[in-house]
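The values are calculated or read from the model by the stated rules, or taken from the named source; none is laboratory data. Because the structure is predicted, anything quoted here is derived from the model rather than measured. Don't worry about glycine lacking a Cβ; one is built from the backbone with ideal geometry, like all the others, and counts go over all protein chains shown.
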Amino acid sequence: MTGTVSALRVHDLEVDLVRPFVTAIRRAASISVVLVEALDGAGHHGWGEAATSWQVTGESPASVRAAVEGPLSEVVVGRRIDALTTLGSDLAIAAFQNSAARSAVECAIQDLAAAQCALTLAATLGAHRQSVRTDITLSATNTDDLVAVAVRHVADGFTMLKVKVGAGHDDRQALLAVREAIGPSIGLRVDANQAWDVDEAVRITRFWESAGLDLDLLEQPVRARDLDGLAEVTARVATPVLADESVRTSDDLRELISRRAATMVNIKLAKSGGLGEARRMAALAAQNGIGVVIGCMMESSVGVGAAAALAASLCETDAARTHDLDAGLWQANPVVHGGISYKGPDLYLSDDPGLGIHGLVTNSRSIVDGTAQW
């Protein structure tokens, strides 16, 4: 079965979070969810999400809508649904940057193509598993609250916690208190979100190493463009360093590899511009001994579902790694019917075609729809 993309629709929703999300660079009690729906003439639907962040992608719901309804629609509306080989590059040519918008459109078309073939999106990517494991993020906060939340998550079955640091609290003592409360068998990750300079990152990390904290990884300790600084931190600490904001595309990853600036990379669809580029990055990382974590922004289960499908398709070592795909657990209410589900730290992909999404839940706080079609 084939056909052409008949329309793209943009859905803007405001979604409350179950608790405030606090990092070194922002605080949010709700998020703007921007979904892109691709349709064909036979009633099939494909879904993608544009995770917007001024600090990370430089995009807003308004900019995503403008990009989708303008140049990106010109690329895909009327296009054969099975013409996927150059889809990502065609979208990149049509709109410079705008990576989250491009990712949403590419994922929606890929989802539509999978649905037409009655295959899951994960299967079309070559996945051999239907679940992946995720960590759970702890917002930057005071020590007592951090410990209490950590203990609750461990009681819920999570085996890997990711703690946001760098927001002005006593991070050194807070992490020691968390480790004491949860015991030695639970994995601990630290994400500084670019908050430190090199010396501070080295000093704090070495303190934790000397104290036997046994961190799984240290994520983005210095500014995104400071690859020299990132490389210096990597060389001076024993803890694996994960690059996040420093790496958006394959070109960034090649530069990171050439400088030996990190030992791992966090690949996110909203940064890379879509599944095609994200898969190229994962392959490049594997070829060069760089560990891969598939991550997400603060987004809904739609975007997380596409990222989870990617995670499930990686080589066995990377696919089995604990990824960073907990954003769906932060939604106070669902935005779609169907899709992924969670059971503790395990994220399960839908067995239904595509992402397994059956439509929007229309009781969110606000929905604004737009359609581009021929």
Among all residue pairs at least 6 apart or on different chains, which show Cβ distances below 6 Å where the first residue, located in the stretch 115-131, is within 17 Å of T317 (Cα to Cα) and touching a residue at least 12 places away in the same chain (Cβ under 8 Å) and the second is exposed (fewer than 15 other Cβ atoms within 10 Å of the Cβ) and acidic (D, E)?
-> S131/D346
Within the stretch 131-141, identify whether any single residue is more than 23 Å from the chain's Cα centre (by Cα) and at pLDDT 95 or above, and answer yes or no.
-> no
Pick from the stretch 5-59 the residues that are at pLDDT below 95 and polar (S, T, N, Q): which of them is farthest from K268 (Cα to Cα)?
-> S30
Per the filter on the stretch 51-83, residues within 22 Å of the chain's Cα centre (by Cα) and within 20 Å of S6 (Cα to Cα) are V64, R65, A67, V68, L72
Do we find a residue being among the β-branched types (V, I, T) and free of Cβ contacts under 8 Å to residues at least 12 places away in the same chain anywhere in the stretch 74-91?
-> yes
Output the residues belonging to the stretch 6-36 that are over 30 Å from V222 (Cβ atoms) and surrounded by fewer than 16 Cβ atoms within 10 Å (Cβ to Cβ).
-> E14, D16, V18
Got at least one residue in the stretch 288-301 being surrounded by fewer than 20 Cβ atoms within 10 Å (Cβ to Cβ) and of a type in the set (D, E, K, R)?
-> no
What number of residues in the stretch 262-321 are in a strand (DSSP E or B) and farther than 21 Å from V336 by Cα?
-> 8
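Among the residues of the stretch 169-191, is there at least one that is within 20 Å of N266 (Cβ to Cβ), in the same structural domain as C296 (by TED's automatic domain parsing), modelled with pLDDT of 95 or more and polar (S, T, N, Q)?
No, the conditions are met nowhere in the stretch 169-191.
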Can you tell me how many residues in the stretch 42-68 are within 24 Å of G359 (Cβ to Cβ) and either in a loop (DSSP other than H, G, I, E, B) or of a type in the set (D, E) (or both)?
-> 6
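Among L227, L275, which is in contact (Cβ under 8 Å) with a residue 12 or more places away in the chain and surrounded by 24 or more Cβ atoms within 10 Å (Cβ to Cβ)?
That would be L275, the only listed residue that is in contact (Cβ under 8 Å) with a residue 12 or more places away in the chain and surrounded by 24 or more Cβ atoms within 10 Å (Cβ to Cβ).
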Mind checking whether some residue in the stretch 88-108 is within 16 Å of the chain's Cα centre (by Cα), assigned by TED's automatic domain parsing to the domain that holds D346 and either under 24 Å from L35 (Cβ atoms) or at pLDDT 95 or above (or both)?
-> no
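Yes/no per residue for (1) charged (D, E, K, R); (2) assigned to a helix (DSSP H, G or I):
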residue: V33; (1), (2): no, no
residue: P71; (1), (2): no, yes
residue: E74; (1), (2): yes, yes
residue: T85; (1), (2): no, no
residue: I93; (1), (2): no, yes
residue: V132; (1), (2): no, no
Do you know which residues across the stretch 179-205 are crowded, with 18+ Cβ neighbours inside 10 Å and closer than 24 Å to M297 by Cβ?
-> L188, R189, V190, D191, A192, N193, Q194, A195, W196, A201
Test for S53: is it without any contact (Cβ under 8 Å) to a residue 60 or more places away in the chain and of a type outside the set (A, V, I, L, M, F, W, C) | no
Determine if the stretch 244-256 includes at least one residue that is of a type in the set (V, I, T), touching a helix residue (DSSP H, G or I) at 6+ places or on another chain (Cβ under 7 Å), surrounded by fewer than 24 Cβ atoms within 10 Å (Cβ to Cβ) and in contact (Cβ under 8 Å) with a residue 12 or more places away in the chain.
-> yes
Residue that is nearest to S185 (Cα to Cα), among those in the stretch 139-173 that are out of contact with any strand residue (DSSP E or B) (no Cβ under 8 Å at 6 or more places or on another chain) and basic (K, R) = R152
